[in-house]
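Written out below as structure tokens is the structure these notes cover.
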Amino acid sequence: MIKKISIDQLEAGMFVNDFNHDWKNPCCQDKDPNAFRGARFIQTDDEVRAIINHGITELYIDSEKGKDVESAQSAQDIEASLEAQMRALDDDFEDEPKPVREVHFNDEVKQASQAKDQARKLVGNILVDSRLGKQVTLAPVKDAVTQMAESMFRNPDAILSLSLIKKRDEYTFMHSVNVGVFLMSFCRAMEMKEEEIINVGIGGMLHDIGKMHTPEEVLNKKGKLTDEEFAIMQEHVVFSRKILEDTPGIEDISIKVAAQHHERFDGTGYPMGLKGDDINFFGQMAAIVDVYDAITSDRCYHKGNPPNLALKRMLDWSKHHFNMELFQKFIQCVGIYPMGTLVRLKNNLVGVVLRPNKESLLHPVIKIVLNAKTKKLVQPKELNLLAFKDAKQDKKTEGFAIAGAESSEKWKINPAKYMTEPQLYKDSN
């Protein structure tokens, strides 16, 4: 049986099924000299001490392959608890009237794609210039972020949907842009002022610029780094802060986003080891968004988590590493079933979540693509589950409630290809 234990319960002779720590260094786990990934049998006390020193607080063991902890909760019970916590957020969601969207999703997504593509190219140029020692010119960055923000104000779902485009060879560029977009959406959901939203977006766009000042022999080294090299890698956050502090006209909010996106609420982050509210509020937001985009992206060393699973894992970690209340707000921002999640209805129809409904987080707009009972694809059809929320309950309407998330790998479905305007997603991994 798979069980979750605390680090003080770990001992030699146990079989670790999951080290439960993608949050640690999502930007560079492939280079971490002390990375603990996959499953392994723990043979010595030295291994136990190394895991403790890595900052891991909880992990999952397989009691059938090694020593057991009888009192530990099963992974199945943990999963059920996390699912219940997420669903409860729908009850706590404040259903207040929102401004009417001026532009329909289908009409806005092309504009959003152009704005985001421009931002991606700009980030690429800025990173190259930064490696050459050139100073960041703020004006074009602010223009690009403003265009993305304006698209978001017209229809917030359009530009967020483009985060599903995840090209491995453009990860650094797209991660920077995605962090900026998610941060702006997060701020908008919390009803912040437009000026704040744009400044936070700028910080997100430039949060990893310091990587360009990491020595190339470290940044591009094949294989694991030494402890000394990994310490150098972590300094990219310090470089980011210094570069932005030297950028004329930049606001302190933008600097805080870049300087603190690797800090953790329990003090286990870097570079300052800040704890709790010593971390700037926008730094706390950036930490959440940075991890979310990183662990939902495919990398050379791991397959990205589906959006719904990523939220569950982060909810599991949030009692240690994130501001729990703020993370719950993030879930309410992106939805319990975020865009691109594959969901199965109680009637066995399977669909891709196109966008959330702000009136009810449990009733998104989906596109039906498969019949799980017959295991056959069906003609894609858009369906707004909100229509069944308050309908008179009978066997037919009850069937259109979400039973749970499904594995896209299991069904060999790429959710991005079923999004509206599929030509925008044709090159996604």
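The values are calculated or read from the model by the stated rules, or taken from the named source; none is laboratory data. On a predicted model such as this, the values are computed, not experimentally measured, just so you know. Cβ atoms come from the backbone with ideal geometry, glycine included; neighbour counts cover every protein chain shown.
Brief remarks on what is shown
- Scanning segment 317-363 for residues that are assigned to a loop (DSSP other than H, G, I, E, B) and crowded, with 22+ Cβ neighbours inside 10 Å yields Phe322, Gly335, Ile336, Tyr337, Pro338, Met339, Gly340, Thr341.
- Residue match in segment 159-169 (condition: crowded, with 24+ Cβ neighbours inside 10 Å, of a type outside the set (A, V, I, L, M) and within 27 Å of Gln114 (Cβ to Cβ)): yes
- Residues being modelled with pLDDT under 95, of a type in the set (Gly, Ala, Ser) and under 27 Å from Glu108 (Cα atoms) are represented in segment 186-204 by at least one member.
- Residue identified as under 15 Å from Ala258 (Cβ atoms), aromatic (Phe, Trp, Tyr) and free of Cβ contacts under 8 Å to residues at least 60 places away in the same chain among Phe239, Phe173: Phe239
- Taken together, Gly283, Gly276 contain a single residue that is in contact with a Leu (Cβ under 9 Å, 6 or more places away or on another chain) and among the small types (Gly, Ala, Ser), which is Gly283.
- Of residues in segment 364-383 being polar (S, T, N, Q) and over 13 Å from Leu342 (Cα atoms), the one surrounded by the fewest Cβ atoms within 10 Å (Cβ to Cβ): Gln379
- Residue check, Arg120 of a type in the set (Lys, Arg), surrounded by fewer than 17 Cβ atoms within 10 Å (Cβ to Cβ) and on the phi < 0 side of the Ramachandran plot: no
- Hits in segment 265-290 (condition: among the charged types (D, E, K, R) and buried (at least 24 other Cβ atoms within 10 Å of the Cβ)): Asp290
For (1) at pLDDT 95 or above; (2) crowded, with 16+ Cβ neighbours inside 10 Å, each residue gets a yes or a no:
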{"position": "Ala12", "(1), (2)": "yes, no"}
{"position": "Trp23", "(1), (2)": "no, yes"}
{"position": "Pro26", "(1), (2)": "no, yes"}
{"position": "Asn34", "(1), (2)": "no, no"}
{"position": "Gly38", "(1), (2)": "no, no"}
{"position": "Val69", "(1), (2)": "yes, yes"}
{"position": "Glu96", "(1), (2)": "no, no"}
{"position": "Glu108", "(1), (2)": "no, yes"}
